[in-house]
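Since every read-out is calculated from the coordinates, none of them should be taken as a lab result. All figures in this text were calculated on a predicted structure; none of them were measured in a lab. Note that we place each Cβ from the backbone using ideal geometry, even for glycine, and neighbour counts take in every protein chain shown.
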Amino acid sequence: MAQYQLIKFTLNGKPVEKYIDVRASLTDVLRNEFSLTSVKKGCEVGECGACNVLIDGECYNSCIFLGVWANGKNIRTLEGLLGSNGELSDIQQAFIDETAVQCGFCTPGFIMTAVEILESGKEYSEEELRKLLSGHLCRCTGYENILRAVTKTMKARLGK
Ligand code: FES
Ligand code: FES
């Protein structure tokens, strides 16, 4: 029998609350209860990164994070990157400019990891960036362009 629990958290900058099934993953809560379909269901076992979201500033596989654990947290998804008039963020634009999107399934997850990288304010080498992005799988294999988009945005933010 399903059991429900009230959770309250911050979602893309706004306080929200919802009764959720205690067995639901954060992926399912975000997609089904909040219609945030940028959060993709890929492997659902923590292997591909398609479901990545930021939880208190750190990227997590939301498919292996229980929805009830979101209580009291600050959750951000790709939808939260848009400006007030729907303008794209610099990293989203860079993915377009560098043709780092093919089918697009892996893209939101990659971008959320990129946001964590960019918000660290650090400059990473190519090797370090490859490692930081290595938790993601792109079945279209567009890795080089993705790396270019992240590198370009990192350099632009650092004024290089
Ligand atoms: S769907 Fe979560 S890691 Fe693959
Ligand atoms: S663009 Fe298709 S899976 Fe990455």
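If you count the DSSP beta bridges with both ends in the chain, what percent of them are antiparallel, to the nearest 5?
90 percent
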query: Which pairs in the list Lys41/Lys155; Lys122/Lys152; Lys131/Lys155; Lys41/Lys73 are over 24 Å apart, alpha-carbon to alpha-carbon?
result: Lys41/Lys155
message: To the nearest 20 Debye, how big is the dipole of the stretch 70-160 about its Cα centre, given +1 on the beta carbon of each Lys and Arg and -1 on that of each Asp and Glu?
response: 160 debye
- line: Two pseudo-spin positions, 7 Å from Cα along C-beta at Asn85 and at Cys43, lie apart in nanometres by 4.2 nm
query: Just how large is the dipole of the chain about the Cα centre, in debye to the nearest 20, putting +1 at every Lys and Arg Cβ and -1 at every Asp and Glu Cβ?
result: 120 debye
query: Taking a point 7 angstrom from the Cα of Lys155 along the C-beta vector, which residues in the stretch 117-132 have backbone N less than 17 Å away?
result: 118, 122-130
message: What does the extension gain come out to for Asp97 and Tyr19, with contour length at 0.36 nm per residue minus their alpha carbon separation?
response: 24.0 nm
message: Which residue, Leu129, Cys103, Asn145, has the largest displacement toward the positive end of the dipole of the stretch 88-145 when charges sit on each Cβ (Lys, Arg +1; Asp, Glu -1)?
response: Cys103
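For the chain, just say rounded, prolate or oblate: build the C-alpha gyration tensor, square-root its eigenvalues into a ≥ b ≥ c, call rounded for a/c under 1.5, and beyond that prolate if a/b exceeds b/c, oblate if not.
prolate
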query: So between Ser120 and Ile64, what do we pick up on full extension, going 0.36 nm a residue minus the alpha carbon distance?
result: 17.8 nm
Computed [θ] at 222 nm, deg cm²/dmol, the chain (DSSP H ≥ 4; -39,500 (n - 2.57); rounded to nearest 500): -8000 deg cm²/dmol
